[in-house]
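Scroll down for the structure; my scribbles are underneath it.
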Amino acid sequence: EAGVTQFPSHSVIEKGQTVTLRCDPISGHDNLYWYRRVMGKEIKFLLHFVKESKQDESGMPNNRFLAERTGGTYSTLKVQPAELEDSGVYFCASSQGFPGDRTMETQYFGPGTRLLVL
Amino acid sequence: ILNVEQSPQSLHVQEGDSTNFTCSFPSSNFYALHWYRWETAKSPEALFVMTLNGDEKKKGRISATLNTKEGYSYLYIKGSQPEDSATYLCAFDSGGGADGLTFGKGTHLIIQP
C-alpha cells in the first residue's frame, strides 16, 4: 500500500512569489493534517481536514496560507505571497480514525516538502 | 499552550550499548502519546501509540513506557545499532484526531560504530 506522498520534495522561491504544495494521503484515510517544522524548532500543527471539511485550522499562521481538499482526496497548501519566515519543512499526515480505538489513530506522515524562501 | 519536552536534545551512544530518553507532557487532557522515528529527508515513521497509564509497548529492540499520572514516557533502545541513528519524536495527543499532535523537539540519537 502506498504511503503518504508529497510534491514537490523541494521548492526554492523568492519572497513575494506563490507556492503550492500537494499532499496525497493514504487511500481511504478521511483525516488529513498539515504540519510545519521551522529549522531548529518542533513540528507544529497547521490544520486538519476530515474528508473535504476543515475541522481545525487554528495553527495556520496567517491569511497568506490557504489549504484545500476538494473531493476529500488530495490536499493543497498555497502560500501567497511567500515571506522569508515561511521557510521550513511542510509535512502532511493522514489517519483512518477509529472512534473509540485510540491505538488505531496513528498519523502516517509523508516525507515533507522543503521550502526555502529567499 | 501545551508543552512537550524531550531530553536529552542529542545523544551519542556506542554501538551495542543500550540507551533511553524521556518525553514529558501535560498530565491533563491526555488522549494518547505517539512516538516517531525520523531520519532527515524521509517520512517520520510511527513507532507506538500509547494510551493507557502503565502501557508498555515493544517493537524489536525498541520499547516504550507510559505514565500519564506524572506525564512522562520513556523510549528504550536495547543493543543500539548504527541504523538506529535518527531523531526520535514524541507527540502529545489531546483530541484523538480532532486536533493536531503537539510535538517535542526530538532527541537526536547518533550511534557510533
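Among the protein heavy atoms, those of B:E5 account for about 90 Å² of accessible surface (1.4 Å probe, every chain in place). Taking the 1.4 Å solvent-accessible surface of region B:16-75 as the whole, the part contributed by carbon and sulfur is 42%. Taking Cα pairs under 8 Å and at least six residues apart, what relative contact order does chain A come out at, in percent? Relative contact order here is 36 percent.
A:K54 sits with roughly 80 Å² accessible to a 1.4 Å probe, with DNA, RNA and ligands left out of the calculation. The B-A contact accounts for approximately 2000 Å² of buried accessible area, totalled over both chains at a 1.4 Å probe radius.
Can you send over the carbon and sulfur percentage of the accessible area for chain A, probe radius 1.4 Å, protein chains only? Within chain A, the accessible surface is 50 percent carbon and sulfur.
When A:H10, A:H48 are compared by accessible area at a 1.4 angstrom probe, the order from most to least is A:H10, A:H48. Each residue of region B:25-31 is assigned a 3J(HN,Hα), and the resulting list reads 8, x, 8, 9, 6, 7, 10 Hz, derived from the Karplus form 6.51 cos²θ - 1.76 cosθ + 1.60 (θ = phi - 60°), x at Gly and Pro. Of the residues A:A2, A:P81, A:L47, the one whose Cα sits farthest towards the positive end of the charge dipole of region A:1-101 is A:P81 (charges of +1 on Lys and Arg Cβ, -1 on Asp and Glu Cβ, taken about the Cα centre). Does any residue of region B:29-50 lose at least 10 Å² of accessible area with all protein chains in place compared with its chain alone, and if so which ones (probe 1.4 Å)? Listed by number, the residues meeting the 10 Å² cut-off are B:Y31, B:H34, B:Y36, B:W38, B:A41, B:K42, B:S43, B:P44, B:A46, B:V49. The residues of region A:1-63 have, on average, 57 Å² of accessible surface per residue, using a 1.4 Å probe with all protein chains present. Ordered from highest to lowest accessible area with the whole protein assembly present and a 1.4 Å probe, A:M39, A:M60, B:M50 read as A:M39, A:M60, B:M50. With protein chains left intact and a 1.4 Å probe, residues in chain B average 47 Å² of accessible area per residue.
Among B:A32, B:A86, B:A46, the largest mean-square fluctuation in a Gaussian network model of chain B (Cα springs under 10 Å) belongs to B:A46. P(r) for region A:1-59, from all Cα pairs and a bin width of 5 Å, is 4, 14, 18, 25, 23, 11, 4, 0 %, short bins first. Rounded to the nearest 20 debye, the dipole size of the protein assembly as shown about its Cα centre is 180 debye, using +1 on the Cβ of Lys and Arg and -1 on the Cβ of Asp and Glu. Sites listed here are chymotrypsin sites (Phe, Trp or Tyr not before Pro) in region B:40-113 whose DSSP assignment is loop and whose Cβ has at most 16 other Cβ atoms within 10 Å, and the list is empty. Taking amide H as placed 1.01 Å from N in the peptide plane, A:Q55 has its amide H under 5 Å from the amide H of A:H48, A:F49, A:V50, each at least 5 places away in sequence or on another chain. The solvent-accessible area of A:E42, taken with every protein chain present and a 1.4 Å probe, is close to 50 Å².
For region B:1-60, the list of trypsin sites (Lys or Arg not before Pro) that fall in a loop by DSSP and count at most 15 other C-beta atoms within 10 angstrom reads B:K42. Mean per-residue shielding of peptide A:37-46 is 4, counting Cβ atoms of other chains within 10 Å of each Cβ. As I understand it, the dipole of chain B uses +1 on the Cβ of Lys and Arg and -1 on the Cβ of Asp and Glu, about the Cα centre. Which of B:T102, B:Q14, B:T51 lies farthest toward its positive end? Of the listed residues, the answer is B:T51.
The values are calculated or read from the model by the stated rules, or taken from the named source; none is laboratory data. Only a predicted model underlies this, so the values are computations on that prediction, with no experimental measurement involved. Glycine gets a Cβ as well: all are built from the backbone with ideal geometry, and neighbour counts include every protein chain shown. With ligands, DNA and RNA removed, areas are computed over all heavy atoms of the protein, side chains included. Shrake-Rupley method; radii C 1.70, N 1.55, O 1.52, S 1.80 Å.
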